[in-house]
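Values quoted throughout were computed directly from the atomic coordinates according to the rules given, and no laboratory measurement underlies them. What you see is a predicted model, and the numbers here were worked out from it, not measured in a lab. In this analysis, Cβ positions are derived from the backbone assuming ideal geometry, glycine residues included, and neighbour counts consider all displayed protein chains.
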Amino acid sequence: MDTHSTPVPPFHIAEDPNNVGSRWEKWLNRFDNYLIAAGIDNEDRKKAMLLHYAGEEVHDLYLSLPELPANTAQPNESPYLTAKRKLKQYFTPRVNKEFEMFNFRQARQSENETIDQFYAKLLKLSKTCTFENPNEEIKLQIIMNTKYTELRRYGLTEQPNLDDLLSRARTIECTANQLKVIEDKIVMNTSTEECSYLNKQTQHRTAPANSGTSKNNCKNCGGKWHPNGRRACPALNVICRSCGKKGHYARVCMSTTSTQQQQAQSRANPQHNNHGTNTSINKKHNGERKNRAQIRFNELNMEPESTNSETSFKTTIRPNDRTAMKCPQVHVKLNGKVINFIVDTGSSVNLISSNTFKEFHQQSLQPDSSSILPYNCQQQLEVVGKFKGLFHYNNHQTRADVFVIKGNSESLLSYDTANKLQLIQLSMMIYQPMDMNYIKNKHPNLCNGIGCLKNKTVKLHIDESIPPVANKHRRIPINLRGAVEQEITRLMK
């Protein structure tokens, strides 16, 4: 006999009074297992250990219970079985079947719970519910409260028995676990590749313009390192011709993007910046226009680069911005074709894209060498050509030149064309500065003398309830007395 076995904990009746019957059955099963493990066969000793390990509360309850009727006694019944039957008869009527069924219906499969664990939990709860068909109730509970939607769909459409449902559930669970391992591995590999790619891109962007420069050379002038420090560098006060910043030469500039070059050219040539216009025309040589980089223009205008390397023009914000929806748009007939134009009062030319021009099947296009520049930008648009267009809106019409720009974007209607079609009305407030001589001549009686108000009685509102107080005159500082006396003398004269 093993005398060192750990006994079961005592049974507390008041711990859960609503479920005391099922708890007693559970405790009694554990106690029987303990007796078997401890090798105790004596019936009197079993009874003594039952009342001892059940606790003082159960022991006192057993002594207060009446004896069982003689007609219910079993032949050759041991004292241990009699004590169990006596206590079970007391606890069994206190089993709340409705409450046990409520606990069974509330059971759900948690996220970290397998289907076998969920089935074992339902099987345990069903023993105290007295179902006529426990397997059917367990199957219904699995279908309704499982975490797998695929299993629920299978149970509702195929109507399997409990064994088939559990078999399908184990298959779905195993597949989900394997799929999770594969997807996690794919995501990990993808993340590693993306990080490696971004690191290479970062190293490429942060690399200096002349990677061949030695580490011992100065990064500002390109020569050897100056022992006396930064102040000895000849490029200390030099302005870079590439980015326009001060302190380094252009040959070692690390900010040689086209955007910075455009900003530097704009600062060096302020006469190209037009005030109050979005588009301007400058007659230049056609070959000079083609030498400029077209791909960087998309970045300057916040326009993604097109797939066919065509340059598109933009003088407004993309429509995904809420303010862009407020741009005035109008449908105007151009040579009989209805085109949606954006009315741009700052534009001096009418613009359409080459894709829009394709809709004019029989329209001939004339070559043109004009240079069209967006507002505050030296990167010109690529002009394909122009044609003479007849604009018609309501009862108004006019003729004007229409420039075709390579790409695909919105069409712009210039201020002059929109004004002739009476689409806009210019309202200007002209301010003229006041002329003091004009005012003096117009009102001579108000501009002579001190300007005292005459023949007018003024009433002073005084509160009579407040007594008047006579305050002494403030004394004049000694250092100002001479100047005050001189001023009084001057005024008296």
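List of remarks:
- Listed pairs 46/97; 26/46; 224/246; 124/147; 472/493; 88/127 exceeding 25 Å between Cα atoms: 46/97; 472/493
- For a straight C-alpha distance cut-off of 25 angstrom, the lysines reachable from residue 358 (same-chain residues fewer than eight places away being disregarded) are 290, 314, 333, 337, 386, 388, 406.
- The distance between label points at residue 358 and residue 217 comes to 4.9 nm (points 7 Å beyond Cα on the Cα→Cβ vector).
- Linear extension gain, residue 456 paired with residue 65, 0.36 nm per residue minus alpha-carbon span: 129.1 nm
- Rounded to the nearest 0.05, the FRET efficiency derived from the C-beta distance between residue 77 and residue 36 at R0 = 25 Å is 0.80.
- Take the Cα of residue 177, step 7 Å toward its Cβ, do the same at residue 369, and the gap between the two points is 7.9 nm.
- Efficiency of FRET between residue 330 and residue 384 - r from beta-carbon atoms, R0 22 angstrom, step 0.05: 0.35
- Segment 1-151 - Debye-derived log10 I(q)/I(0), Cα point model, q = 0.10 Å⁻¹: -0.48
- R0 of 45 Å, Cβ-Cβ distance residue 396-residue 144: FRET efficiency to nearest 0.05: 0.05
- Label-to-label distance for residue 466 and residue 487 is 2.7 nm, based on points extended 7 Å past Cα in the beta-carbon direction.
- Cut-off under 5 Å, modelled amide H: who pairs with residue 245 long-range: 240
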